[in-house]
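Every read-out reported here was derived from the displayed coordinates using simple, explicitly stated rules and does not represent laboratory data. Predicted, not measured: the structure shown is a model, and the values here were computed from it. Using ideal geometry, Cβ is built from the backbone for each residue, glycine included, and neighbour counts are taken over all protein chains shown.
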């Protein structure tokens with residue numbers, strides 16, 4: 001089964017590939033003093049929702065990075081519809097291998113994409129290095145609401161063992177030399193909306209494309225994940241989006 005294909009189908013009806021409501025993301029954008037000459041980096045851009053909203057709101061230029069061809073194709077098509085393609089550069093690169101010059105961007109973003117090992121401390125340190133003085137860093141990351149059961153950790157595969165609690169995510173930014181400015185977290189209702197929409201999209205695709213040889217594996221993966229969410233995840237795993245400022249002198 002192609003994991004990129006699976007994710008693109010599972011998220012085809014989501015605004016963002018994470019459970020935080022779009023209205024909460026808009027609140028974070030309200031706090032950003034971006035301008036038409038601002039440069040933005042969006043790691044794990046998915047279908048380009050955040051990049052397109054930033055372009056529409058501020059007129060900024062956005063480098064949007066993802067290594068999923070289906071997601072990037074959707075982002076490109078949406079940018080063409082909205083007339084934003086001239087301000088959007090799509091880069092098909094694995095986030096783990098992406099490199100940029102130091103202090104290049106007025107805003108660096110990674111909301112729930114994964115791909116940078118080391119969890120929240122490593123993500124904050126990496127993004128800070130690419131952010132200009134008085135610029136901003138926006139990170140989406142999971143956190144533990146309570147100690148995760150061993151069965152849940154085993155299913156997740158180990159990477160999520162690096163998760164901290166909500167306060168720990170904020171502290172990770174502070175320890176990286178960033179100033180916390182705001183944070184939003186997904187409610188249980190938002191998690192339910194995200195997870196059931198994820199599940200419905202796979203079930204619907206299976207009915208639409210029954211001859212696709214990937215369908216059995218896709219259904220097995222989706223149904224196992226749905227059961228894990230109901231059994232453990234709903235009470236155990238949280239998700240937050242954290243806005244930090246980088247200290248320093250503002251540069252154009």
Stokes-Einstein D in µm²/s, Kirkwood radius over Cα pairs - region 69-111 at 37 °C with 0.692 mPa s viscosity: 269
What are the extents of the Cα atoms of region 164-234 along their three principal axes, listed from largest to smallest and rounded to whole Å? 52, 22, 18
On a full-extension model of 0.36 nm per residue, what is the gain between residue 37 and residue 122, subtracting their alpha-carbon distance, rounded to one decimal in nm? 27.8 nm
I'd like to know how region 1-138 sits against the 2.2 N^0.38 Å rule of thumb: what's its Cα Rg over that expected value? 0.98
Treating only the Cα positions of region 98-199 as identical point scatterers, give the base-10 log of I(q)/I(0) from the Debye formula at each q in 0.21 Å⁻¹. -1.17
Calculated FRET efficiency, residue 4 and residue 134, Cβ-Cβ r, R0 35 Å, to nearest 0.05? 0.45
Under a plain spin-label model, where a point goes 7 Å from the Cα along Cα-to-Cβ, how far apart in nm are residue 144 and residue 91? 3.4
Simple spin-label model, 7 Å along Cα-to-Cβ: residue 187 to residue 220 in nm? 3.8
In nm, to one decimal, how far is the residue 212 label point from the residue 13 one, both placed 7 Å along Cα→Cβ? 1.4
Be a star and scan region 145-187 for residues whose amide nitrogen sits under 17 Å from the point 7 Å along the Cα-to-Cβ vector of residue 231. 148-158
Here are labelled values, (1) 20.1, 62; (2) 17.9, 58; (3) 17.7, 52, and one is the computed Rg and Dmax of the Cα atoms in Å for what I pasted. Which one? (2)
Once you order the gyration tensor axes a ≥ b ≥ c over the Cα atoms, which shape class does region 213-252 get: rounded for a/c under 1.5, otherwise prolate or oblate by comparing a/b with b/c? oblate
Based on the Cβ-Cβ distance from residue 73 to residue 196, what FRET efficiency comes out when R0 is 22 Å, to the nearest 0.05? 0.30
Most packed first (mean Cβ within 10 Å per residue), the peptides 231-243, 133-145 order as 133-145, 231-243
Based on the Cβ-Cβ distance of residue 175 and residue 82, what FRET efficiency does E = 1/(1 + (r/R0)^6) give at R0 = 45 Å, to the nearest 0.05? 0.70
Give the percent of DSSP beta bridges with both residues in the chain that are antiparallel, rounded to the nearest 5. 45
Rg (one decimal) and Dmax (whole number) from the Cα set of region 38-89, in Å, equal 9.5, 28
